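Structure, as structure tokens:
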Amino acid sequence: MTNVIETHHLRKEYGDKVAVADLTLQIERGEVFGFLGPNGAGKTTVVKMLLGLAAPTAGTAQVLGRPLGDTSIRARIGFLPEHFRFHEWLQGAEFLDLHGQLLGLTAGQRAKRIPRLLNLVELGDAAGRRLSTFSKGMLQRIGLAQALLPDPDLVILDEPTSGLDPLGRRLVRDVIHQLKAAGTAVFLNSHLLSEVEVTCDRVAFIKEGRIVRTARLGALVEGLTEVVLQVGQVTPELLEGLRRWSQDLRVDGRRITMTIQDEEILPHLSQWVVDQRVGLYALTPQQISLEELFVRVVEAQA
Amino acid sequence: MRMWVIVRLTAREVQRRKLLWMALALGFVFVALFAVGFHFIYQEITGQVAVGRSELNIFVNFFLTAGLYVINFLSVMMAVLTSVGTVSGEIASHTIQSLATKPVHRWEILLGKWTAYAGMLAVYMACLSGGLLLVVYLIADYTPQNWLGTIGFLALEGWVILAVSFLGGTFLSTVANGVLAFMLYGIAFVGGWVEQIGSLMQNEAAVNIGIVTSLLLPSEAIWRRAASLMQPALIRSLPSNPFGTASVPSPAMVVYAGLYIVVLLTVALWVFGRRDL
């Protein structure tokens, strides 16, 4: 088994509302996968279906090689829910112990893992405190410890850093890096692109319940370059010629903005424009951020 | 079995939230008040009138029934108020998500919770009823017949209400579920009285109304069964007795109550197992 998650035409309707229209995706073992989309795109619904919290209206899916709804597989999945809401009358260590019992961990395993995880999320001192006295950041950290408790093969994090301070975000990032190093697959549901940019191997953009683009993050961001040309005059021949390097051309007066796949074509491009004798005043290449790409992908389909 | 983890979690929740302790404390305040009141009334009666032991027992039994009726009412309140949000509240606050995504079946979550509440209710009922019986024994040297069975039936009544509250919790909001449980209890309560009065007046229609409401929620019928169990035959036949049991539900009603709990919990498991969380 190489795919930890595999979905085929997954669909979820709530009455008349289609939350997820048609979702087909594969996530490989050991991969950190970013699931991106605007609020209301259907990201959390997808997570709920993968975890058996919501039943799909149509389609099939397998998680860790087993069909949806197989409860035994959940002993190998770590999950940090959105909003980090837990039983607040439990104490920190007690909360982890209870979840360890639900996971089927032995007393010995729990005694070993719980103090280690409390230290990892820097809550060693708060083990005896009730969760009701925890700050949002602390709840997020204890939630993260709970997600790591089963020593999982797959970790699903639903908006793990929303509303958190920079320290909380860094902790999530560090944990994701550690999981990746240990070969654990991570499904990161987020709209905070800066997080995704530094952690994910691959991303999928979801909009209105459909995946509009899936790509390796390196290829997606590093390969793409935006070039701004300032020319003396814009002729139809010039635009026609430029299209051989990019289909994504935008003209604003005598300014042409285009996206190219590879920086290596820049010398050829500049030489060709000079040869056209339209007057080349400036040629400025600039990297595209994931955020820019996100906005483009989401707006392009609108 | 992971259901027992849920049982322990729920039991701990009830303790932590101080609900059980508050309800127990209030219950014992009632038992203490009953003891004081009963002591003086008992002294008054035994001191002034020359009554035979059997007449005295009828009087004592009447007071005991009245006291148990209050405890019965307290435990119905306790059953609804403690459990009304245990399913719907966890769904609304999303705390259920961290449980339901563990390798535990949904039926284990629901049955685990029910078992914990049913156990707590039985303990609550046993403590208060036991307290009341002890008070009566110490003051009047009286123990009613079948008192253990009576406590058992009172617990059964609490479990019936608990099953209603659990089923409602799987598809209603906490407030709507509370309203449903109390409305049903109210209907069964009024229906029970209609049946009593109908029985005394030998009005068949009124008796039938009572039976229909008992089928809707057999709580009041089980109470009458519980009370009649410990009452001497004479007290049962007193027409003007507010806690009397002129019309005693048949043993079939007890079987019905057992089935009622099983069916309601089965439907609750079915609904909870299929709904999105």
Scan chain B and report its longest stretch carrying no trypsin sites (Lys or Arg not before Pro) that are both in a DSSP loop and have at most 12 other Cβ atoms within 10 Å.
-> B:19-277
Mean separation of Cα pairs under 8 Å and 6+ residues apart, divided by the residue count of region B:67-222: what relative contact order is that in percent?
-> 29
Sequence neighbours fewer than 8 away in the same chain don't count; with that in mind, list the lysines whose C-alpha is under 28 Å from A:Lys112.
-> A:Lys136, A:Lys180, B:Lys102
When the convex hull of the C-alpha atoms of chain A is computed, what volume per residue in Å³ does it have?
-> 157
For region A:223-300, the Rg and Dmax computed from alpha carbons only, in angstrom | 12.4, 37
In degrees, nearest 10, range 0 to 90: what is the angle between the Cα axis of helix B:204-216 and the longest Cα principal axis of chain B?
-> 40
Cα centre as origin, Lys/Arg/Asp/Glu Cβ charges: chain B dipole, Debye = 940
B:Ile187 versus A:Thr284: modelled label distance in nm, points set 7 Å from Cα along the beta carbon direction | 7.4
Loop-resident sites, region A:53-121, for GluC sites (Glu not before Pro), counting at most 16 other Cβ within 10 Å (DSSP) | A:Glu88
Any idea what the alpha-carbon Rg over 2.2 N^0.38 Å comes to for chain B?
-> 1.09
How long are the semi-axes of the ellipsoid equivalent to region A:1-120, from square roots of 5 times the Cα gyration tensor eigenvalues, in whole Å, largest first?
-> 30, 17, 14
Can you tell me what the convex hull of the Cα atoms of region A:141-233 projects to on average, as an area in nm²?
-> 9.0
Expressed in nm², what is the orientationally averaged projection area of the convex hull enclosing the Cα positions of region A:151-201?
-> 3.3
Measure nothing fancy, just the Cα-based angle from helix A:136-148's long axis to the longest principal axis of chain A, in degrees from 0 to 90, nearest 10.
-> 80
The protein assembly as shown - convex hull of alpha carbons, volume per residue in Å³ | 188
Pick out which of B:Ala155, B:Ala122, B:Ala79 has the largest mean-square fluctuation in a Gaussian network model of chain B, springs linking Cα atoms closer than 10 Å.
-> B:Ala122
Proximal lysines to A:Lys17, defined as alpha-carbon separation beneath 19 angstrom and excluding residues fewer than eight positions away on the same chain = A:Lys43, A:Lys48, A:Lys207
Mean-square fluctuation maximum in Gaussian network of chain B, Cα pairs under 10 Å, restricted to B:Thr174, B:Thr101, B:Thr115, hits B:Thr101
Enter the mean projected area of the convex hull around the alpha-carbon atoms of region B:15-158, in nm², rounded to one decimal.
-> 9.6
Could you let me know the centre-to-centre spacing of region B:260-277 and region B:170-231, using Cα atoms, in angstrom?
-> 23
Taking every residue of A:70-82, the Cβ atoms of other protein chains inside 10 Å of its Cβ average out to 3
Just A:Ile265, A:Ile176, A:Ile206 to compare: in a GNM of chain A, with alpha carbon springs under 10 Å, which one fluctuates most?
-> A:Ile265
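Quick note: the coordinates plus some simple rules give every number you see, no bench work behind them. Just so we're clear, the structure is a prediction, and the values are computed from it rather than from any experiment. Using ideal geometry, Cβ is built from the backbone for each residue, glycine included, and neighbour counts are taken over all protein chains shown.
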